[in-house]
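A.B. asks: Shown below is the structure under consideration.
The values are calculated or read from the model by the stated rules, or taken from the named source; none is laboratory data. All figures in this text were calculated on a predicted structure; none of them were measured in a lab. So basically every Cβ, Gly included, is an ideal-geometry build from the backbone, and we count neighbours across all protein chains shown.
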Amino acid sequence: MPDLREYEQAGGYAGLRVALRMTSTEVQGTVKAANLRGRGGAGFPTGVKWSAVPLGEGARRPKYLVVNADEMEPGVMKDRILLEGNPHQLIEGIVIAAHAIEAEHAFIFIRLAYREAAERLRRAIEEAASAGYLGANILGSGLNLDIAVHRSAGRYICGEETALLNALEGKRPIPRAKPPFPQTVGLWGQPTVVNNVETLCCVPHILRHGPEWFLGLSRSSDGGTKLYGASGRVRRPGVWELPMGTPLREILEEHAGGMREGYQLRGLLPGGASTDFLTPEHLDIPMDFGSVTQAGSRLGTGTMVVLDDQTCPVSMLISLEQFFARESCGWCTPCREGLPWVVRLLRALENGDGRSDDVALLEAHTRLLGPGRTFCALAPGAMEPLQSALKYFHEDFTRHIAERGCPWRKAPVV
């Protein structure tokens, strides 16, 4: 982890100095021009989100900036690298974003398991405050900002921004009805913006080098670079910073090293556990928001979970759906009751107790728990890997019924 002096020698806080010479509206316009889209999964344009916050003397205060560092999506590990590797980059991004929305208080909502990341953040915040980058009248600009690190007991539902705000207020972490949106009625009823760690880490570079430079880093219309990752039976699991729009094949074969010896690719979840499977026929698509959506999935976090030809898709889905069922906040009936029922059906298939209509029941659940049927996106996200597995690996499900159990369990162990 670089200390403050090393970060400054590498150009750190230069972007903040540029931003403080601009108005809040000008900072927003710069980020809009860079086409920075949220890196937390939804891909919403960052500058547009900021512009929904009321500005000026008549705006309600205080305003808050909240950093989502909860990162509980299975298969995702990108934000931890940023938090531990260079916390000053995040701090600089927070100060610039706070200036853009005229906020004077910021919270970093970090999962409890990220102990080392939280400690490094605290040390970096102390360094930044001592150097005048935080606190009162930052660099003589008139901007005041304090940052608090909030270590949460955490649940996956806290990835939903309004559930996160409830948790930060000390309430049960359940999603809020929208509208109103957090930009006008957020934390403690005040205007609030929630941004992902990776998103804010892009901001200092945009201000320092300009939006055209940031757009030029990309291989698509989405600006900048992206942290892509791969886990599973690949030769080199890991995370890499690459141009936005890097082809899936390049990430998997060149950076992850391809599949381990003796294994073949069957499919992958391109953006974490709550995205639809893609298959080998999709390997040449660019990994950007629009292209992955056209292929029938979502870019999400850009960290892929790889399924090989010797892993049972049904068994993999049991692990995923168990996680989603456990992490449901229980607020709405379809999610609270439907997800455990999906797990029960999948377990029956795996254990040889599946019935002829179980696959149809699973297909029905992907519709009944889909978008527009639940209070938030947790259950629809949980249905994405299931609905695509039923599409691409349908024969695996029917074999579990015909052979009364998992075919992989009957294979000799090598």
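A.B. asks: So residue 100 clears everything in (1) touching an Asp or Glu at 6+ places or on another chain (Cβ under 7 Å); (2) crowded, with 17+ Cβ neighbours inside 10 Å; (3) closer than 28 Å to residue 24 by Cβ except one condition, right? Which one?
C.D. replies: The single condition residue 100 does not satisfy is (1).
A.B. asks: What are the pairs, 6+ residues apart or on separate chains, where a residue within the stretch 402-414 that is under 12 Å from residue 350 (Cβ atoms) has its Cβ under 8 Å from a residue that is at pLDDT below 60?
C.D. replies: Taking only residues 6 or more apart or on different chains, the pairs are 403/410.
A.B. asks: Answer yes or no as to whether residue 106 is in the same structural domain as residue 18 (by TED's automatic domain parsing), under 22 Å from residue 19 (Cα atoms) and not in a helix (DSSP H, G or I). Step through it out loud before you land on a result.
C.D. replies: Details: in the same structural domain as residue 18 (by TED's automatic domain parsing): yes; under 22 Å from residue 19 (Cα atoms): yes; not in a helix (DSSP H, G or I): yes.
Yes: the conditions hold for residue 106.
A.B. asks: Conditions: (1) under 30 Å from residue 382 (Cα atoms); (2) basic (Lys, Arg); (3) buried (at least 22 other Cβ atoms within 10 Å of the Cβ). Residue 80 meets all but one. Number of the miss?
C.D. replies: Status for residue 80: all satisfied but (3).
A.B. asks: With the requirement that a residue be under 12 Å from residue 95 (Cβ atoms) and small (Gly, Ala, Ser), what does the stretch 1-28 give you?
C.D. replies: Matches in the stretch 1-28: 12, 15, 19.
Yes/no per residue for (1) within 18 Å of residue 391 (Cα to Cα); (2) touching a helix residue (DSSP H, G or I) at 6+ places or on another chain (Cβ under 8 Å):
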{"residue": "234", "(1), (2)": "no, yes"}
{"residue": "242", "(1), (2)": "no, yes"}
{"residue": "246", "(1), (2)": "no, no"}
{"residue": "256", "(1), (2)": "no, no"}
{"residue": "274", "(1), (2)": "yes, yes"}
{"residue": "277", "(1), (2)": "yes, yes"}
{"residue": "280", "(1), (2)": "yes, no"}
{"residue": "295", "(1), (2)": "yes, yes"}
{"residue": "299", "(1), (2)": "no, yes"}
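Okay, residues lined up against (1) in contact (Cβ under 8 Å) with a residue 60 or more places away in the chain; (2) among the hydroxyl-bearing types (Ser, Thr, Tyr):
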{"residue": "325", "(1), (2)": "no, no"}
{"residue": "331", "(1), (2)": "yes, no"}
{"residue": "341", "(1), (2)": "no, no"}
{"residue": "366", "(1), (2)": "no, yes"}
{"residue": "376", "(1), (2)": "yes, no"}
{"residue": "395", "(1), (2)": "no, no"}
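A.B. asks: Residues being in a loop (DSSP other than H, G, I, E, B), in contact with a helix residue (DSSP H, G or I) (Cβ under 9 Å, 6 or more places away or on another chain) and modelled with pLDDT of 95 or more: count how many of those fall in the stretch 109-140.
C.D. replies: Final tally of qualifying residues: 4.
A.B. asks: The conditions are (1) surrounded by 15 or more Cβ atoms within 10 Å (Cβ to Cβ); (2) of a type in the set (S, T, N, Q); (3) outside the structural domain of residue 271 (by TED's automatic domain parsing), and residue 130 fails exactly one of them. Which is it?
C.D. replies: Checking residue 130 against (1) surrounded by 15 or more Cβ atoms within 10 Å (Cβ to Cβ); (2) of a type in the set (S, T, N, Q); (3) outside the structural domain of residue 271 (by TED's automatic domain parsing), the one that fails is (1).
A.B. asks: Any residue in the stretch 242-256 that is in the same structural domain as residue 304 (by TED's automatic domain parsing) sitting within a Cβ distance under 7 Å of a residue that is basic (Lys, Arg)? List the pairs, counting only those 6 or more apart or interchain.
C.D. replies: Short answer, once both residue conditions are applied: 242/226; 243/219; 244/219; 244/226; 245/219; 246/219; 256/235; 256/236.
A.B. asks: Tell me, please, whether a residue that is touching a Gly at 6+ places or on another chain (Cβ under 8 Å) and more than 14 Å from residue 193 (Cα to Cα) can be found in the stretch 95-111.
C.D. replies: Within the stretch 95-111, one or more residues are touching a Gly at 6+ places or on another chain (Cβ under 8 Å) and more than 14 Å from residue 193 (Cα to Cα).
A.B. asks: Still on this structure, I have one more. Give me a count of the residues in the stretch 259-277 that are without any contact (Cβ under 8 Å) to a residue 60 or more places away in the chain and in contact with a strand residue (DSSP E or B) (Cβ under 7 Å, 6 or more places away or on another chain). Show your work before the answer.
C.D. replies: The initial filter retains those residues of the stretch 259-277 that are without any contact (Cβ under 8 Å) to a residue 60 or more places away in the chain, namely 259-265, 268, 270.
If we keep only those that are in contact with a strand residue (DSSP E or B) (Cβ under 7 Å, 6 or more places away or on another chain) too, we end up with 259-260, 263-265, 268, 270.
Here the count works out to 7.
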